[in-house]
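Below: one structure, written as structure tokens.
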Amino acid sequence: MANMRRWVAPAVAGGLLVWTALATPLSVAIGEYFAYYDPQSDPERLEYHRDLAAHVYTAGHWFGQFVAAFAGAWVVTRSGSYRRAALAGLLLGLGTGAVAIAAGVGAMRTHGYPSVAPDPTMLSVPSVRWCLLASLACFPLWAVIGAAIARMTRGGAPLAITATFLVVPATSHPVAIWLIATYSRAAPLMPALLLVLATVLVAVSRRARPH
């Protein structure tokens, strides 16, 4: 049983990375749906290509943040450390982000309108980078949130974490990604929302004494 538990974390992390790579076609479809409708001019085509990139490079992020919340809970129940929980979330975010980018570069060269973009991959575009950074910053925050909930609820942690994740506005939802791609100043809103929530939950968890 102990040996099986040792493989749980690597198996979950590996499954997340595989899913991220496989989710790229789905992200292309979502990006095409949310991108600029019926682009006619080159500026409009470039905007379409930008919106597509924002979704392609955040493939797997929504599910990844969900996994990060449970990873934080798993870590804190074993170590009692919020820092380790945040580190676990950060590592999951970096892994997910790297796989999404690696899988997405090829898609960006074959979809959308790469011919009108100075950089067909769009990785050099500030608004696309803001989408990536904002979404990646949510991974360690969700891990801390999951850890705090686990400390407060113990046996009820899985249900509470799932409910919290579904109730809080999805931090990598296609609408949020589109909003940041269009209005870069909105980028801090996603991590700021989670930072407030994480701060409150950690403070409450340190005072609570679940039975």
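The values are calculated or read from the model by the stated rules, or taken from the named source; none is laboratory data. Owing to the predicted nature of the structure, the values given are computational and were not obtained by experimental measurement. Positions of Cβ are generated from backbone atoms using ideal geometry, with glycine treated the same way; all protein chains shown enter the neighbour counts. All accessible areas refer to the heavy atoms of the entire protein, side chains included, with ligands and DNA or RNA removed. Shrake-Rupley method; radii C 1.70, N 1.55, O 1.52, S 1.80 Å.
Starting with the highest mean, order 94-100, 151-157, 201-207, 19-25 by the number of other Cβ atoms within 10 Å, averaged over the residues of each peptide. Let's see the in-between values first.
Values: 94-100: 20.1, 151-157: 16.6, 201-207: 13.9, 19-25: 18.3.
The peptides rank, most packed first, as 94-100, 19-25, 151-157, 201-207.
Give me the percent of accessible area attributable to carbon and sulfur for the stretch 1-118, probe 1.4 angstrom. The partial results should precede the final answer.
On the way: 4150 of 6280 Å².
Carbon and sulfur together cover 66 percent of it.
Of the listed peptides 50-59, 65-74, what is their order by residue-averaged count of other C-beta atoms within 10 Å, with the highest listed first?
Numbers: 50-59: 28.7, 65-74: 25.3.
Highest mean packing first, the order is 50-59, 65-74.
Filter the DSSP H helices in the chain by two things, a Kyte-Doolittle mean of at least 1.0 and an axial alpha-carbon span of 20 angstrom or more, and list the hits by number.
Details: long enough: 2-22 (31 Å, 0.83); 42-56 (21 Å, -1.13); 61-79 (26 Å, 0.68); 82-110 (42 Å, 1.02); 126-153 (40 Å, 1.30); 189-207 (28 Å, 1.83).
For the chain, where a helix must reach 20 Å along its axis and average at least 1.0, the hits are 82-110, 126-153, 189-207.
Quick one: net charge of PRO174's neighbours, Cβ under 15 Å, K/R +1, D/E -1?
Result for the neighbourhood of PRO174: -1.
Quick check on the chain: helices-only [θ] at 222 nm, where DSSP H runs of length 4 and up contribute -39,500 (n - 2.57) each and the sum goes over total residues. Nearest 500, please. Write down the numbers at each step before the final one.
Values: 9 runs with 162 residues, N = 211.
Helix contribution divided over all residues of the chain: -26000 deg cm²/dmol.
Between the stretch 134-167 and the stretch 37-106, what is the separation of their alpha carbon centroids in Å?
Cα centroid of the stretch 134-167 versus Cα centroid of the stretch 37-106: 17 Å apart.
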